[in-house]
Amino acid sequence: MDVGILALQGDVSEHRAALNDLGVASRPVRRPEDLVGLDGIILPGGESTTMSMLLDSSGLADPLGKELDAGLPALGTCAGMILLSDEAVDGRPDQRCYGAIDITVRRNGFGRQLESFECELDVPALGGAPVPAVFIRAPLVETSGPDVEVLSTLAQPAPWRGGDDAAPFGAPRAVPVLCRQGVVLVAAFHPELTSDRRVHELFVSMIDGPARRGAERLEATKQVRGTEQVSGTEQVSGTERVSGTERVSGTERVLGTGEGR
């Protein structure tokens with residue numbers, strides 16, 4: 001299994017450390033060709049508008065979108081949640097949202113830097129003790145679609161004290177902070193900043209192997225820069241895929257039987 005981490009800005013090393021603790025190989029993604037062969041990708045916390053601009057300037061924006069559309073499993077934390085969402089409120093007009101999960105989020109919806117906080121979350125799907133969560137200028141999920149599974153909520157968001165003690169968008173309510181739809185998992189908090197690895201473990205469990213997306217995934221891969229088509233055979237960085245087999249340096253294996261911040 002090979003998981004990429006969008007490494008343009010944000011908590012890259014922390015996510016790599018979390019995956020390393022789980023025995024999962026990872027690599028940074030900075031260019032379109034870095035997407036080739038990934039089994040999943042993490043969009044880390046950081047600054048969503050900066051990351052959006054860097055996606056454009058690096059040439060990654062459209063190739064990443066094609067991979068997500070083709071079913072590449074993704075974990076988005078904080079800013080990564082915004083990038084994977086269907087719509088971002090209070091963002092720049094050119095804010096990129098991939099629509100990988102049917103949620104609308106409000107940037108900094110839990111408050112500015114001074115309103116950052118830590119708490120514990122009940123996440124029944126993960127079992128065991130509550131999950132420690134770090135919220136830093138966290139996005140707030142305003143709406144979620146019928147196919148979105150809400151795995152955890154926060155009963156009372158931290159108030160944004162702009163001169164009074166009232167919550168920024170009306171009375172406190174239970175808001176989603178950990179959501180899943182298909183092979184996409186998003187968190188409004190930063191699981192990579194604690195020693196609890198259960199959110200990353202859940203994401204890894206959602207990745208079911210390199211052949212999971214079949215022909216549709218391969219077609220998306222062909223769009224990524226650095227991929228060649230030679231006589232009906234796909235060549236990617238010295239790897240040939242022919243009729244459902246993969247040949248690497250003279251070794252042949254059947255696709256779908258691969259290795260298992």
Yes or no: THR49 surrounded by fewer than 23 Cβ atoms within 10 Å (Cβ to Cβ) and closer than 21 Å to VAL141 by Cβ? yes
Would the range 72-86 turn up any residue that is more than 14 Å from the chain's Cα centre (by Cα) and of a type in the set (Ser, Thr, Tyr)? no
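With respect to ARG137, is the statement that it is in contact with a strand residue (DSSP E or B) (Cβ under 7 Å, 6 or more places away or on another chain), among the basic types (Lys, Arg) and farther than 13 Å from ARG198 by Cα true? Talk me through it step by step, then tell me what you get.
Values: in contact with a strand residue (DSSP E or B) (Cβ under 7 Å, 6 or more places away or on another chain): no; among the basic types (Lys, Arg): yes; farther than 13 Å from ARG198 by Cα: yes.
No; evaluated as a whole, the condition is false for this residue.
Name the residue that is nearest to THR153 (Cα to Cα), counting only residues in the range 87-137 that are of a type in the set (Phe, Trp, Tyr) and at pLDDT 90 or above. Write out each step before concluding.
First pass over the range 87-137, keeping only residues of a type in the set (Phe, Trp, Tyr): 98, 110, 117, 135.
If we keep only those that are at pLDDT 90 or above as well, we get 98, 135.
Values: TYR98: 23, PHE135: 13 Å.
Applying the filter and picking the extreme gives PHE135.
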Restricting attention to the range 102-120, report how many residues are part of a loop (DSSP other than H, G, I, E, B) and either closer than 11 Å to SER48 by Cβ or not acidic (Asp, Glu) (or both). 7
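Could we say that SER116 is among the polar types (S, T, N, Q) and over 18 Å from the mean Cα position of the chain (by Cα) here? Can you show your working first?
Values: among the polar types (S, T, N, Q): yes; over 18 Å from the mean Cα position of the chain (by Cα): yes.
So SER116 passes the test.
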Mind checking which pairs have a first residue in the range 15-31 that is assigned by TED's automatic domain parsing to the domain that holds ILE42 and closer than 27 Å to ASP56 by Cα and a second that is surrounded by fewer than 23 Cβ atoms within 10 Å (Cβ to Cβ) and of a type outside the set (Lys, Arg), Cβ under 6 Å, 6 or more apart or different chains? ALA25/ASP2; PRO28/ALA7; VAL29/ALA7; ARG30/ALA7
Could you list, in sequence order, all residues of the range 138-157 that are charged (D, E, K, R) and modelled with pLDDT of 95 or more? ASP147, GLU149
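Report yes if some residue within the range 127-140 is closer than 19 Å to LEU151 by Cα and charged (D, E, K, R); otherwise report no.
no
The values are calculated or read from the model by the stated rules, or taken from the named source; none is laboratory data. As the structure is a computational prediction, the values presented were derived from the model and not from experiment. Every residue, glycine among them, receives a Cβ derived from its backbone with ideal geometry; neighbour counts consider all protein chains shown.
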